[in-house]
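Written below as structure tokens is the structure these notes are about.
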Amino acid sequence: LPSVACNHAAVNMARLLHTAIATISFLLTYVIGQKAFSFAFLTHHHQHRSRSTHHPTLLASSPPLVHDENETQTKTTSFTSPKFRVYIEDTDAYQVMYNSNYARQYERALIHAPRDDDAKRKQWVMTAITNQKFRSSPTLGSEYVVTGQLVERSGADNTEVWQMEMVSLPTNDSDGNADEVVIVYNAATVTLSSTPHVLSSPDEDVSTSSSEFYHSQSFPCYPDEFDMHLQTTTSTDTRTQQYAYHIPIRSVTNFFERHRTIYLGGPDKLRKLQQEDGILFVITAMDDGEICSLDAIDGANHLGRDVIVETKFVAKRRGMVVECYHRLLMDIDIIDDDDHDSPSKSRSRKLLAKATMTMMALNKDTYRPTSKLPQW
């Protein structure tokens, strides 16, 4: 009997030991798995945060790949511009950079993009800007740089797509050590077109009768608001190339800003809104910005002619956010010279440019979004 009891005790001890080993093994597996998950999550979270605040020189150290029209991949081109300073001419009433001037600064910075042929630098025109985010604003007197990455190049239609960022310069902390945190003021994807290039599609006609949802306003367009470029052509004979005019995106957005100001009530109402109600309206994003008719203005007789801005305003979130669907038009002279003795002339309204801009109401003290708009 004593030997039987010992056998039972040994069996029970073995069972307990087996159960303990299995439990410990499970716990170790669980803990290791949780550690691996936590490490992966923290790594992803750190990478996500680093997209918004990073040092601009990182751009050249780990570039993405460039896609050309044949879907081949080559090493990217990236650059960092020289330092720029914010002057009084760059700012708005709030002493921060005026929203149209970001596109102008991107144009200036792209002069420093590396090119195989320096002669082509003057032939590039910024024809589109999209996915532009106004995250912060450089203030009067501050310094910044612009970084760029070439993300796509198409030899078929002579275009380049660049990812641009305007970022602050690294500063020193109270101990004099360099602060690696860099503020991303603005980011956008811009398209450059080299002129002359083959005209891929005809100019778009726009009906003279606007939709009832569009507000319309005419503005004079002066010669300094145009740029000149080599005219697009279907001919490869350089002797037939001529110069044409277009309204650059930086001027296009100025016209759109004027129309928004009028829609909001003009300077007096905006001043009252700020001083009495503590509300500012700012631009937070621009998308689908595009020059639609690069060669519509083919003669100096159009310089000084009025342009028409049509905008559809869509209020959201109780008026805190307003989507502005802008388009810029001009009545263009069309000359039919089939009859050389007496050529006829008519006018056609052309769509020159368009963009969608997002406007937001902010509390002027906290700079936080607000929907507490006055009844007036």
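Within the span defined as segment 130-148, every residue fails to be open to solvent by 10 Å² or more (accessible area, probe 1.4 Å), modelled with pLDDT under 90 and of a type in the set (D, E, K, R). Given (1) β-branched (V, I, T); (2) open to solvent by 50 Å² or more (accessible area, probe 1.4 Å); (3) under 30 Å from Q274 (Cβ atoms), where does I111 come up short, assuming only one miss? So I111 meets the others, but not (3). Meeting the requirement of 3 or more residues that are within 18 Å of M330 (Cβ to Cβ) and modelled with pLDDT of 90 or more, the strands (runs of 3 or more DSSP E) wholly within segment 176-294 are 215-220, 279-291.
The values are calculated or read from the model by the stated rules, or taken from the named source; none is laboratory data. In this text the structure is predicted, and so the values were computed from the model without any measurement. Cβ sites come from the backbone with ideal geometry, for glycine too, and all protein chains shown count toward neighbours. Remember, those area values only see protein heavy atoms, side chains included, never the ligands or the DNA or RNA. Shrake-Rupley method; radii C 1.70, N 1.55, O 1.52, S 1.80 Å.
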